[in-house]
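Chemist: Take this structure first; my questions come after.
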Amino acid sequence: MINLKALLKEISSIKPGVRLIAVSKNVTSAEVLALHAQGQLEYGENRVQEMAKKQSEISAALDLKWHMIGRLQNNKINQLISLRPTLWQSCDSLERAHEVDKRLNYKLDTLLQINSANEDTKQGVLPSNAIETYLKIQELCPNINLKGIMSIGAHSDDEKEIQKSFELSYKIYEELKPHGAQICSMGMSSDFKLAIKCGSNMIRLGTILYV
Ligand SMILES: *Cc1c(COP(=O)(O)O)cnc(C)c1O
């Protein structure tokens with residue numbers, strides 16, 4: 001398990017104020033508790049069932065914050081809503097936003113996922129549609145409280161390609177700032193330093209936390 005304090009110091013030496021989400025999708029509740037013992041409060045899961053399982057295994061008194069970061073199937077929406085996530089990071093279309101909005105009985109903080117590298121394997125709106133979709137969700141989905149954007153860096157060994165995808169996401173984020181965007185979620189274990197340099201203020205780290 002990583003030394004969290006040292007990692008946070010490294011992150012803030014690149015840029016202060018970056019929020020760390022510990023992705024726990026591949027680890028057990030015991031590992032979440034070990035990280036919590038070092039002070040980590042926010043966790044990311046990509047499956048609703050797994051979020052529910054960990055919430056049931058871990059005392060609510062610890063007051064952990066859960067982020068949904070994966071593809072949301074329509075038949076899992078009600079369960080996700082009942083788990084009261086802190087942030088739904090993976091809203092990937094106006095249609096999905098609408099499906100969640102109509103079932104919500106509270107306002108859910110949400111990020112629009114952008115497929116900045118234009119990859120078939122990835123969820124998210126294409127960069128060319130991002131601004132329009134963001135504004136449409138704001139107009140048509142009163143319970144979806146958009147707070148910014150989330151993006152996964154290009155799947156490439158070429159750092160230039162990854163950088164290009166981060167720069168494109170950041171540009172969209174900047175255009176959305178006048179419309180209330182505050183969160184630019186990008187950067188994973190392999191590329192978080194580059195993501196922060198490109199403007200990220202929220203990183204989602206899994207693998208490197210548990211080695
Ligand atoms: C798994 C996952 C992460 C963390 O990836 P690592 O490479 O393990 O750091 C971040 N974001 C999303 C959307 C993920 O699915």
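The values are calculated or read from the model by the stated rules, or taken from the named source; none is laboratory data. Keep in mind that this is a model prediction, so the values were computed, not measured. Virtual Cβ from ideal backbone geometry, glycine too; neighbours counted across all protein chains shown. Only protein heavy atoms, including side chains, enter the accessible area calculation; ligands, DNA and RNA are left aside. Shrake-Rupley method; radii C 1.70, N 1.55, O 1.52, S 1.80 Å.
Chemist: Yes or no: K193 in a helix (DSSP H, G or I), basic (K, R) and more than 23 Å from K25 (Cβ to Cβ)?
Modeler: Numbers: in a helix (DSSP H, G or I): yes; basic (K, R): yes; more than 23 Å from K25 (Cβ to Cβ): no.
No, not satisfied.
Chemist: Follow-up. Could you please let me know if M1 is at pLDDT below 95 and either open to solvent by 40 Å² or more (accessible area, probe 1.4 Å) or touching a helix residue (DSSP H, G or I) at 6+ places or on another chain (Cβ under 9 Å) (or both)? First the steps, then the outcome.
Modeler: Working: at pLDDT below 95: yes; either open to solvent by 40 Å² or more (accessible area, probe 1.4 Å) or touching a helix residue (DSSP H, G or I) at 6+ places or on another chain (Cβ under 9 Å) (or both): yes.
Here the answer is yes, as M1 does meet what is asked.
Quick grid of which residues meet (1) in a helix (DSSP H, G or I); (2) surrounded by 15 or more Cβ atoms within 10 Å (Cβ to Cβ):
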position	(1), (2)
K160	yes, no
F166	yes, yes
I172	yes, yes
P178	yes, no
C184	no, yes
M188	no, yes
G199	no, yes
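Chemist: Still on this structure: Scan the stretch 161-211 for residues that are closer than 30 Å to N3 by Cα, more than 16 Å from the ligand (Cβ to nearest atom) and of a type in the set (K, R) and report the count.
Modeler: The number of residues fulfilling the criteria is 1.
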